[in-house]
Amino acid sequence: ADVSHIFDGQDLYTENRESFRREAYFRLVTPWILTEDYKTALYLDGDMLIRKDITPLFETELGDNLLGAVKDYWGICNCYMPHDPRRAYRISIGLDDIDTYVISATLLFNLSKWRKQFSLEEVIRVCASKKWQQHDQDVVNILCHGSTVFLSATWGMIEDYGNNRFLPEYMYKEVQENGVDPAIAHFGGERKPYRKKHVRYDMEFWKCAMDTPYMGSLFGRIKSTEHRYYLAHVLDREGIEHVPSKDGTDLYYKGVLLGKEKYGFQKYKVIQIRDNVLHLE
């Protein structure tokens with residue numbers, strides 16, 4: 001459903017993040033775009049890889065709470081880093097219980113509770129009330145503070161950027177244990193398979209992408225010729241069937257490229273050394 005009209009005329013702040021769009025706030029109207037026949041709804045971010053059965057998520061007992069969500073381990077760690085402004089910001093918006101801030105990537109809505117506690121107009125008003133630094137995520141935490149069931153980090157695991165060591169010991173242990181074989185891998189931030197090489201679970205991602213109509217457009221988002229060649233080579237090595245696309249994935253498949261794409265390049269399918277002579281074909 002197109003819900004953009006619900007936010008017509010509303011100033012939804014995203015200017016501090018080039019990659020963010022006002023659509024990030026749209027998840028917050030889920031309770032009102034689904035009929036009252038629905039009691040629970042699961043929202044998942046688009047940059048996630050579902051690796052295991054998510055049925056257990058729907059078996060979460062929410063009780064009288066508004067939400068089930070994963071703690072924002074990957075932002076909470078910043079609150080414990082020296083000279084990082086994130087703690088001060090979160091306190092300034094009334095979220096002084098630092099360790100309970102959640103990430104808005106995996107949200108299990110108690111729809112009837114939301115409809116009972118808030119009106120659609122009230123939620124929209126909060127969304128547009130401030131220049132939220134973390135956008136819809138700040139709003140989720142404001143609305144659901146003290147009424148959230150914390151889900152295991154396995155349901156939205158982001159790879160450690162090196163800052164998790166600043167977490168309190170019990171939280172560090174939680175994220176380490178659940179990161180071994182997570183049910184959902186979240187490619188948060190810049191570390192996405194179509195932006196970076198050697199991302200954990202990248203081949204699982206591309207294998208899934210091959211079975212969708214979006215493989216070509218995803219491949220086309222890779223800016224680096226080296227990255228494109230790397231991906232085509234690994235897909236071949238892993239035995240993942242390749243489907244050429246109009247975006248040029250076939251140019252990078254099964255061969256070595258020499259030269260820069262924008263200036264033209266040669267593709268070599270046979271590279272051999274015979275009698276101490278390098279042969280390129």
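The values are calculated or read from the model by the stated rules, or taken from the named source; none is laboratory data. Since we're looking at a predicted model, the values are computed, not measured. When we count neighbours, we look across all protein chains shown, and the Cβ atoms used for this are built from the backbone with ideal geometry, even at glycine. Keep in mind that these areas ignore ligands, DNA and RNA; they rest on the heavy atoms of the full protein, side chains included. Shrake-Rupley method; radii C 1.70, N 1.55, O 1.52, S 1.80 Å.
If you take all other residues with their beta carbon under 10 Å from the beta carbon of LYS196, and give Lys and Arg +1 and Asp and Glu -1, the sum is +2.
Pairs from the list LYS131/LYS207; LYS131/LYS173; LYS52/LYS196; LYS71/LYS197; LYS52/LYS113; LYS52/LYS197 with a Cα-Cα gap above 30 Å: LYS131/LYS207; LYS131/LYS173. Shape summary: the range 135-245 maps onto an equivalent ellipsoid whose semi-axes, from the alpha-carbon gyration tensor, are 32, 16, 13 Å in decreasing order.
Using a 1.4 Å probe over the heavy atoms of the protein chains, calculate the carbon and sulfur portion of the accessible area of the chain as a whole percent.
On the chain, the fraction of accessible area on carbon and sulfur atoms equals 49 percent.
Normalised per residue, the accessible area of the range 67-224 is 45 Å², obtained with a 1.4 Å probe and no contribution from ligands, DNA or RNA.
If contacts are Cα pairs under 8 angstrom and at least 6 residues apart, what is the relative contact order of the range 46-196 in percent? Display every interim value, and only then the final one.
Details: 189 pairs, mean separation 56.2, N = 151.
Reported relative contact order: 37 percent.
Charge tally around ILE76: other residues with Cβ under 12 Å, Lys/Arg +1 each, Asp/Glu -1 each, net -1. Distance between the pseudo-spin-label points of SER129 and PHE150 (7 Å out from Cα toward the beta carbon): 2.5 nm. Note on the chain: GNM, Cα springs under 10 Å; of ASN65, ASN16, ASN163, the largest mean-square fluctuation is that of ASN16.
Dimensions of the chain based on its C-alpha atoms, expressed as ranges along the principal axes with the largest first, amount to 78, 44, 37 Å.
Between CYS208 and GLU169, the simple label model (points 7 Å from Cα in the Cβ direction) yields a spacing of 3.6 nm. Each other residue within a Cβ distance under 10 Å of VAL175 adds +1 if Lys or Arg and -1 if Asp or Glu, for a net charge of -1. When both the range 137-211 and the range 1-30 are represented by their alpha-carbon centers, they are found 23 Å apart.
The label point for GLU15 and the one for ARG195, both projected 7 Å from the Cα toward the Cβ, are 2.2 nm apart.
Mean separation of Cα pairs under 8 Å and 6 or more residues apart, divided by the residue count, gives the chain a relative contact order of 18 percent. A probe of 1.4 angstrom, applied to the heavy atoms of all protein chains, finds TYR172 with accessible area near 80 square angstrom. Comparing ASP37, ASP99, ASP136 in a Gaussian network model of the chain, where Cα atoms under 10 Å apart are tied by springs, the biggest mean-square fluctuation is seen for ASP37.
Which of rounded, prolate, oblate describes the range 7-117, given a ≥ b ≥ c as roots of the alpha-carbon gyration tensor eigenvalues and a/c under 1.5 marking rounded, otherwise prolate only if a/b is larger than b/c?
Because a/c hits 1.5 or more and a/b exceeds b/c, the range 7-117 counts as prolate.
For ALA88 and ASN276, the FRET efficiency from 1/(1 + (r/R0)^6), where r spans their Cβ atoms and R0 equals 45 Å, is about 0.10.
What value, in deg cm²/dmol to 500, does the helix sum -39500 (n - 2.57) over DSSP H runs of n ≥ 4 give at 222 nm once divided by the residues of the chain?
-8000 deg cm²/dmol
The mean sequence separation of alpha-carbon pairs under 8 Å and at least six residues apart, normalised by the residue count of the range 138-224, gives a relative contact order of 26 percent. Kirkwood radius, the range 39-186, all distinct C-alpha pairs, inverse of mean reciprocal distance: 16.0 Å.
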